[in-house]
Every structure is written in structure tokens, then in C-alpha cells.
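Just so it is clear, none of the values below were taken in a lab; they were calculated from the coordinates. What you see is a predicted model; the values in this text were computed from it and never measured. Because the Cβ atoms are built from the backbone with ideal geometry, glycine has one as well, and the counts that use them run over all protein chains shown.
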Amino acid sequence: MSAVRSQREVIRGMLADLKMPGSLEAVDTILSDIDGGRLAATEAINRLLSAQVNLRNNRRLQAAMRSSRLPSVKTLESFDFSFQPSIKREQIESLHELGFVDRKENIVLLGPPGVGKTHLAISLAIAAAQRGRRVYYGTLVDLITSLEQAQAAGRLTQRLAVLTHPSLLVVDEIGYLPITHTGAVLFFQLMSRRYEKASTVLTSNKDFEQWGEVLGDDVMAAALIDRVLHHCHLVNIRGNSYRMREHTALHQTLLQSGDPESVVTARRTRRSKATPH
Ligand SMILES: Nc1ncnc2c1ncn2[C@@H]1O[C@H](COP(=O)(O)OP(=O)(O)OP(=O)(O)O)[C@@H](O)[C@H]1O
Ligand SMILES: [Mg+2]
């Protein structure tokens with residue numbers, strides 16, 4: 001019995017020495033499960049190592065959430081594919097394996113509001129961060145503002161270098177807000193630097209034909225699209241807004257109750273419950 005205990009202590013000592021706190025925390029339960037005949041050797045090793053990998057991935061994610069400016073945590077697991085049949089599940093799952101980051105390819109997510117463009121862009125960035133890749137998130141307007149500020153402060157070269165460095169840059173919301181011609185030129189410079197050097201995930205509610213209007217310059221938009229699309233996975237989402245799903249379900253429930261007026265009342269009640277006074 002004491003020999004068993006000392007073996008345990010040796011294992012615990014080695015896990016501590018190797019700086020594997022995830023495995024260290026899990027090891028007692030795993031060994032008890034083995035002793036109780038509830039766990040086979042392969043599964044036991046798998047569990048021991050998974051505990052450490054999970055802990056490391058969570059730590060990486062927490063660090064990335066601080067440095068990458070990701071606005072929220074969205075994952076592939078929480079994405080409901082049945083709601084968005086125009087999306088090819090296999091394509092999205094295979095993109096989450098991140099070969100595109102190694103090959104320095106881009107992804108463009110196109111579609112109307114609420115269809116999951118930002119969700120998938122973030123979940124790709126999170127998957128990359130968990131694998132130890134440097135990621136950065138910004139809306140087009142945020143990124144341009146930061147470049148304009150850097151230019152005004154005489155630090156444009158440094159800022160462009162900082163934004164060229166991440167293995168994965170998310171450029172969200174191309175097309176919602178107007179940008180200046182200077183802003184468009186700065187964005188073009190950024191994308192030219194990243195071309196074939198690092199991956200970018202871009203999202204837009206506008207088809208490519210309208211990007212000239214968005215950037216205020218057809219020729220530059222064509223040159224930008226040419227670079228972006230050269231090594232690119234295009235995800236064209238055609239469907240309903242997930243944001244409206246809740247409202248639609250609520251609306252239908254209340255309509256079935258036969259009192260359309262109660263829709264408004266119910267919304268007000270829900271809102272006042274959600275907003276503390
Ligand atoms: N298929 C889905 N499964 C689960 N949640 C989803 C799905 N699609 C969207 N959502 C959720 O709905 C909300 C809106 O989605 P998202 O922000 O990704 O839309 P979007 O396409 O970026 O819209 P916009 O163009 O307005 O920015 C988010 O909270 C997102 O997590
Ligand atoms: Mg969005």
C-alpha cells in the first residue's frame with residue numbers, strides 16, 4: 001500500500017517538476033479509476049494529457065482575449081448549423097482545423113445582418129489563439145481609426161508592422177460605416193502587407209461589386225479584392241438573422257394565444273425585467 005502511495009507521490013512530483021498543473025490536479029482521480037478497474041490504460045493516458053492540454057488552451061485563450069481585442073467568446077460548438085442551411089458544415093469545420101492559417105490563406109464571410117459572420121470569424125480566431133497563434137480583431141472602422149491616429153502621430157510604419165504581425169487578423173463589418181479615402185488607402189496598405197504573409201478573415205454585408213462604393217474607389221477596391229481572393233475561402237451565407245429568431249418565436253407564441261397586442265406587452269415586460277432600475 002505504501003509502495004503504491006509512494007509511486008503516486010513520485011508521479012505527482014514529476015508532474016509538478018514538469019509544470020503540468022492540469023495533469024497534477026487530475027492524476028489522483030485517474031489513478032483511483034484505474035485501481036477501481038473503471039479506466040483502461042490508453043484512456044487514462046488520454047485523460048491525463050487532455051487535462052493539461054485543456055488547461056493550457058484555456059490559459060492561451062484568456063491571454064488572447066486580453067491582447068486580441070476579441071469582443072466576445074464565440075465557438076464552433078455553440079454555432080447552430082441547422083439554423084443556417086446555406087452554410088456547409090464540413091467547410092466550416094475543416095477551416096477550424098486551421099490549415100488556412102499555415103498556408104496564409106484568407107476567409108471572406110459574406111451575408112446579411114445576423115447570419116453569424118462575426119460569430120464564425122471569432123470562433124476561428126479563438127481556435128487559432130488556443131493553438132498558440134497570435135490573433136487580432138477589429139472592425140474595419142476601428143482598424144482604420146488606429147492607422148489614422150498612428151499616421152497623425154508619425155508612427156504609421158510601426159502600426160502597420162503591428163497589424164501585419166498576427167497570424168490571423170479579423171476585419172469585421174466591412175460595409176456598414178462610411179470610410180474616408182485616406183482610410184481606404186491605409187487599409188489597402190495593410191492588406192497589401194499581409195498578402196501571402198498572414199491570414200485575414202474579412203466579413204461584409206456587401207457583395208464584392210459594392211466594395212468600390214464602400215472604399216470610395218473602384219480601382220483600389222478591385223486591387224484589394226484581387227489580393228484578398230487570390231488565396232481565399234469564400235463563405236456566402238444566405239439566410240435569416242439569428243438575432244430575429246427570438247423575436248419570431250415570441251411573436252408566433254403570442255399570435256397563437258390569439259392576442260397580437262400582448263406581443264408588445266410581453267416585449268416591454270421582458271425588457272423591464274432585463275434592465276434593473
Ligand atoms: N447559427 C447560429 N447559431 C448560434 N448562434 C448564432 C448563429 N448565428 C448567429 N448567432 C448569434 O446571433 C448573434 C448575431 O450573429 P453575428 O453577430 O455573428 O451576426 P453577423 O452576421 O455578424 O451580423 P452583422 O452583419 O449585423 O454584424 C450573435 O450573438 C451570434 O452568436
Ligand atoms: Mg457582425
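Available extension along the chain between Arg134 and Gln189 is 17.7 nm, counting 0.36 nm per residue and deducting the alpha carbon span.
In summary, the convex hull built on the alpha carbon positions of the chain has an orientation-averaged projected area of 22.8 nm².
Counting every alpha-carbon pair across the range 79-128, the share separated by more than 17 Å comes to 32%. The helix-based estimate of mean residue ellipticity at 222 nm for the chain, built from -39,500 (n - 2.57) per DSSP H run of four or more residues and divided by its residue count, is -19000 deg cm²/dmol to the nearest 500. Taking label positions 7 Å along the Cα-Cβ direction at both Lys104 and Asn46, the computed distance is 3.8 nm, reported to one decimal.
Taking every alpha-carbon pair under 8 Å whose residues sit at least 6 apart, the range 1-125 reaches a relative contact order of 21 percent. Convex hull volume of the Cα atoms of the range 26-153, normalised per residue: 155 Å³. Here is the tail figure for the range 102-252: Cα pairs spaced more than 19 Å apart come to 53 percent of all pairs. Among beta bridges identified by DSSP and lying wholly in the chain, the antiparallel ones come to about 0 percent. Counting lysine pairs in the chain whose alpha carbons fall under 29 angstrom apart, excluding pairs fewer than 8 residues apart on the same chain, gives 16. Residue-wise HN-Hα couplings along the range 184-194, as the Karplus relation 6.51 cos²θ - 1.76 cosθ + 1.60 with θ = phi - 60° gives them from phi, are 5, 5, 5, 5, 4, 4, 4, 5, 5, 5, 7 Hz; Gly and Pro carry x.
Taking packing as the residue-averaged number of other Cβ atoms within 10 angstrom, the listed peptides 221-231, 146-156 run from highest to lowest as 221-231, 146-156. Extension gain, His181-Asp207: 0.36 nm per intervening residue step, less the Cα-Cα distance, totals 7.4 nm. Less than 9 Å Cβ to Cβ from Glu196, Lys/Arg counted +1 and Asp/Glu -1: what total charge do the surrounding residues give? Overall, the nearby charge balance is +4. Remark: relative contact order (the chain) = 21 percent; criterion is Cα-Cα distance under 8 angstrom and separation of 6 or more residues.
Computed from the C-beta positions of Asp33 and Arg69, the FRET efficiency with R₀ = 51 Å rounds to 0.80.
Specify the angular offset, from 0 to 90 degrees and rounded to the nearest 10, of the alpha carbon long axis of helix 242-256 from the longest principal axis of the alpha carbons in the chain. Helix 242-256 sits roughly 90 degrees off the main axis of the chain. Our note on the geometry: Cα centres of the range 1-74 and the range 164-198, 40 Å apart.
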